[in-house]
Amino acid sequence: MERTYKAHQASADESNEGWILIRPSPEDKELCDTCQPGRRPIVRIKGTKFKPVYAEALLADRTYLKHRKEVETDSDTPLIFISAWYRNLFAMNKLESITLDIEPVSSLNLVTLLYRYPRDHPQALVRAANMMAIIGFGLGVIGFGLGLVGINDWIKTDTPIPHLTNFSTPFGLVLLVVGLAIALLGIIGLIRRRQE
C-alpha cells in the first residue's frame with residue numbers, strides 16, 4: 001500500500017549497509033508485523049520514479065529515534081532513513097517526503113532473495129560474492145548434466161536396468177541448458193550495472 005514517508009539521512013555508520021530503517025504507519029498492519037525488533041526482512045520498495053528496489057528493512061523504534069534530534073518522535077508520520085546509495089536508487093535529489101509502496105518479500109521468493117536483493121546492495125563485495133555463487137551453482141548443474149550424459153555406457157553394461165539410458169541423456173541435456181542459463185544470469189548480474 002502506498003504511503004508518504006518523510007525521508008531522513010541514515011547515520012554515517014549505516015551508509016554502507018544494505019538496509020533502510022523505517023517507522024511504518026500504524027495503519028500498515030502487514031509492514032508493522034514484519035518489521036519487528038530483532039527481525040531483518042527483505043522488502044520491495046516501489047515508487048513512481050524508479051524501478052523496484054530491494055533492501056533489508058529495520059524498524060526505527062523509539063530507541064533509534066531518540067538519538068535523532070531532528071525527528072518528531074511523538075507523531076505517527078511514517079519515516080524512512082536512507083543512505084545516499086538508496087537515495088540514488090530512489091532517484092531522489094534531496095531529502096523530502098516521498099510516496100513509496102513498501103512490501104515484505106516472501107522467504108520462498110528465491111529469485112528475489114538470491115538475485116535481485118544482492119544487486120541492490122551498496123557493497124560491491126556482497127554483489128560480487130552473490131553473483132559468483134550463482135555462477136558456481138550454474139556450473140555445478142552443468143557438471144551434473146554432463147555426468148548424466150556420460151554414464152550411458154556404464155548404465156548399459158553394469159546395471160540391471162539398461163533402459164535408464166532413455167532418460168539419462170535427455171535429462172542430462174536439459175540440465176546442461178538450465179545450468180548454462182543460471183551461469184549466464186550470474187555473469188550478467190556481475191558485469192551489468194543496475195539501471196535506475
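The values are calculated or read from the model by the stated rules, or taken from the named source; none is laboratory data. From a predicted model like this one, the values you see are computed outputs, not experimental measurements. Cβ placement follows ideal geometry from the backbone for every residue including glycine, while neighbour counts extend to all protein chains displayed.
Okay, here's what the table says:
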| quantity | calculated |
| --- | --- |
| Complete set of residues in the range 145-163 that are part of a helix (DSSP H, G or I) and exposed (fewer than 15 other Cβ atoms within 10 Å of the Cβ) | Gly147, Gly150, Asp153, Trp154, Lys156, Thr157, Asp158, Pro162, His163 |
| Qualifying residues in the range 39-75 (those that are over 15 Å from the mean Cα position of the chain (by Cα) and within 16 Å of Arg87 (Cβ to Cβ)) - the one modelled with the highest pLDDT | Phe50 |
| Tally of residues being out of contact with any strand residue (DSSP E or B) (no Cβ under 6 Å at 6 or more places or on another chain), under 19 Å from Pro52 (Cβ atoms) and surrounded by fewer than 13 Cβ atoms within 10 Å (Cβ to Cβ) across the range 72-131 | 5 |
| Odd one out for Ser75, checked against (1) assigned to a loop (DSSP other than H, G, I, E, B); (2) in contact (Cβ under 8 Å) with a residue 12 or more places away in the chain | (2) |
